[in-house]
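Here's the structure, in structure tokens; my notes come after.
The values are calculated or read from the model by the stated rules, or taken from the named source; none is laboratory data. This structure is a prediction, so every number in the text was calculated from the model and none was measured. Please note: Cβ atoms are built from the backbone with ideal geometry, for glycine as well, and neighbour counts cover all protein chains shown.
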Amino acid sequence: MAEPFKEWFNPSVVAALGERQRQVDPTFPLDRFVREATDGLAAFELKGRVTHIAEALRRALPAEWPAAVDRLLAAAPDSHRR
């Protein structure tokens, strides 16, 4: 049987997402982000995992929305940039 899609959102993906942010911003709180995003992650289904990771990322990014969006876009793979 195929692996459930929710399993794609796992600690390895969280760490990779954090590393991309750290490459863009050396002050990105990588350890805190990974800890918060993975704490309790296994208990969630797909939507819960996505929300849990997104909330941890939001807490780790700058509070100012334009700065947060700039960091997200800068860390996005080239295929996702405008």
Boolean, Phe28 is part of a loop (DSSP other than H, G, I, E, B) and modelled with pLDDT of 95 or more: yes
Qualifying positions in region 36-57 - surrounded by 13 or more Cβ atoms within 10 Å (Cβ to Cβ) and assigned to a helix (DSSP H, G or I): Glu36, Ala37, Thr38, Leu41, Leu46, Gly48, Arg49, Val50, His52, Ile53, Ala56, Leu57
Within region 1-35, considering residues that are under 21 Å from Ala67 (Cα atoms) and surrounded by fewer than 13 Cβ atoms within 10 Å (Cβ to Cβ), the one nearest to the chain's Cα centre (by Cα): Ala16
Members of region 58-71 that are part of a helix (DSSP H, G or I) and crowded, with 17+ Cβ neighbours inside 10 Å: Ala60, Arg71
